[in-house]
Amino acid sequence: MAQNTINRYIWLIDTIRRYGRITLAELSRQWERSSVSDGKRLARRTFYRYREGAEQAFGVTIAADRSTYEYYIEDDTQSELQQWLVDSTALTDTLRDTSDIAGRVVLENVPSAREHLSTIIDAMRQNRRIRFSYKSYMRSQRSEGIVIEPYFVKIFKQLWYVIGFNVNDDMVKTYALDRMSDLAILSDHTFELPVGFSPKEFFKDCFGITTNQNAPKRIVLRVEKTQAKYFRALPLHTSQQEQVHDQYSLFTYKMRITYDLKEELLSHGSTIEVLEPPELKTLIVSELKQALALYAPTGEPQNS
């Protein structure tokens with residue numbers, strides 16, 4: 001399917017969703033001002049063709065209200081990937097029209113998606129193993145000839161990761177795409193996902209990209225009232241629950257204690273306090289003491 005056609009499908013879905021309800025006349029006016037129209041009006045026949053294509057490609061229903069002559073998205077139950085594709089492409093389309101103010105649009109770099117993501121997606125589609133070299137931050141030497149069966153990919157904090165079964169280590173591991181090199185698809189081996197394996201279940205009890213075999217814990221954070229607004233807007237985890245108080249909120253979770261969770265909590269500084277469980281609180285206190293020790297004047301004794 002031509003990329004221009006896909007972009008038009010996505011533009012149609014995104015525009016109708018943003019307006020909530022919109023007439024064909026107004027949709028045509030928005031179409032003419034967009035980068036996908038080539039300056040042409042949206043004819044009724046063209047609209048019907050793109051409407052049908054968008055519905056089939058992205059699993060949405062563009063319904064019509066005969067009493068108001070408006071169109072709207074009905075039963076918007078797109079998959080997470082479909083929603084992400086629509087949102088990402090719609091944003092790209094918006095930014096394409098900002099060349100006159102390009103210097104005032106500041107973006108974050110996602111280097112890991114450029115070189116390896118498409119190759120790994122191809123391997124996943126074919127259920128083929130991949131081989132690569134890897135430079136872990138925890139080791140001084142690069143690991144050569146790693147072979148995995150790529151189960152799924154995940155993006156976290158602007159970096160892409162592949163999670164797959166390491167053939168030599170006989171376990172599922174996570175690898176950052178930006179630390180990979182010499183990537184190749186192996187044509188002599190295919191694999192099947194384990195029966196019942198679910199990428200969502202794999203990270204269900206975790207924050208970020210790190211996991212372990214420990215049981216999930218009840219985690220309680222005391223968050224000052226201003227910072228609590230950010231937690232509401234962008235929850236740490238799907239299990240997040242909140243109890244609001246005058247000067248703070250208590251946020252409760254069910255999660256595993258992982259490296260990524262520890263780093264996230266530390267990043268909020270004095271605006272949060274870990275109340276439960278004791279082992280997580282001890283871990284955070286230990287990290288803070290080590291950080292504080294770095295700033296003590298030379299020769300000054302440290303409190304234990």
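Selection over region 208-234 of residues that are within 18 Å of Leu275 (Cα to Cα) and either polar (S, T, N, Q) or surrounded by 14 or more Cβ atoms within 10 Å (Cβ to Cβ) (or both) gives a count of 11. The C-beta contact set for region 175-192 (first residue of a type outside the set (A, V, I, L, M), second residue surrounded by 15 or more Cβ atoms within 10 Å (Cβ to Cβ) and assigned to a helix (DSSP H, G or I), distance under 7 angstrom, 6+ apart or interchain) comprises Asp178/Ser112.
Taking the listed residues Lys262, Lys289, Lys254, the one that is within 27 Å of Leu159 (Cα to Cα), out of contact with any strand residue (DSSP E or B) (no Cβ under 9 Å at 6 or more places or on another chain) and not hydrophobic (A, V, I, L, M, F, W, C) is Lys262, with no other qualifying. Could you grab me the full set of residues in region 25-53 that are part of a helix (DSSP H, G or I), hydrophobic (A, V, I, L, M, F, W, C) and buried (at least 17 other Cβ atoms within 10 Å of the Cβ)? Answer for region 25-53, where residues must be part of a helix (DSSP H, G or I), hydrophobic (A, V, I, L, M, F, W, C) and buried (at least 17 other Cβ atoms within 10 Å of the Cβ): Leu27, Trp31, Phe47. If the condition is being surrounded by fewer than 18 Cβ atoms within 10 Å (Cβ to Cβ), among the small types (Gly, Ala, Ser) and modelled with pLDDT under 85, then region 106-135 contributes Ala113, Ser118. Exactly one residue out of Tyr175, Tyr161 is in contact with a Leu (Cβ under 8 Å, 6 or more places away or on another chain), surrounded by 12 or more Cβ atoms within 10 Å (Cβ to Cβ) and not basic (Lys, Arg), and it is Tyr161.
Looking at region 6-22, can you tell me whether even one residue there is of a type outside the set (Val, Ile, Thr), within 18 Å of Ile73 (Cα to Cα), modelled with pLDDT of 90 or more and in contact with a strand residue (DSSP E or B) (Cβ under 8 Å, 6 or more places away or on another chain)? Yes, because at least one residue in region 6-22 is of a type outside the set (Val, Ile, Thr), within 18 Å of Ile73 (Cα to Cα), modelled with pLDDT of 90 or more and in contact with a strand residue (DSSP E or B) (Cβ under 8 Å, 6 or more places away or on another chain). For region 271-286, the set of residues classified as part of a helix (DSSP H, G or I) and closer than 22 Å to Tyr248 by Cβ consists of Thr271, Pro278, Leu280, Lys281, Thr282, Leu283, Ile284, Val285, listed by residue number. In region 54-69, of all residues being of a type outside the set (Gly, Ala, Ser) and within 30 Å of the chain's Cα centre (by Cα), the one that is surrounded by the most Cβ atoms within 10 Å (Cβ to Cβ) corresponds to Val60.
Set side by side, the residues Arg8, Arg21, Arg17, Arg41 differ, and just one is touching a Ser or Thr at 6+ places or on another chain (Cβ under 6 Å) and of a type in the set (D, E, K, R), which is Arg41. A search for C-beta distances below 7 Å between a residue of region 33-44 that is of a type outside the set (A, V, I, L, M) and any residue that is assigned to a loop (DSSP other than H, G, I, E, B) and surrounded by 10 or more Cβ atoms within 10 Å (Cβ to Cβ), counting only pairs 6+ apart in sequence or on different chains, returns Ser35/Asp97.
In region 286-304, the residues that are over 16 Å from Leu265 (Cβ atoms) reach residues that are modelled with pLDDT under 70 with C-beta atoms within less than 7 angstrom, at least six apart or across chains, in these pairs: Ala293/Gln302; Ala296/Gln302.
The values are calculated or read from the model by the stated rules, or taken from the named source; none is laboratory data. Just so it is clear, the model here is predicted, and its values are computed rather than measured. Cβ coordinates were reconstructed from backbone atoms using ideal geometry, including for glycine residues, and neighbour counts include every protein chain displayed.
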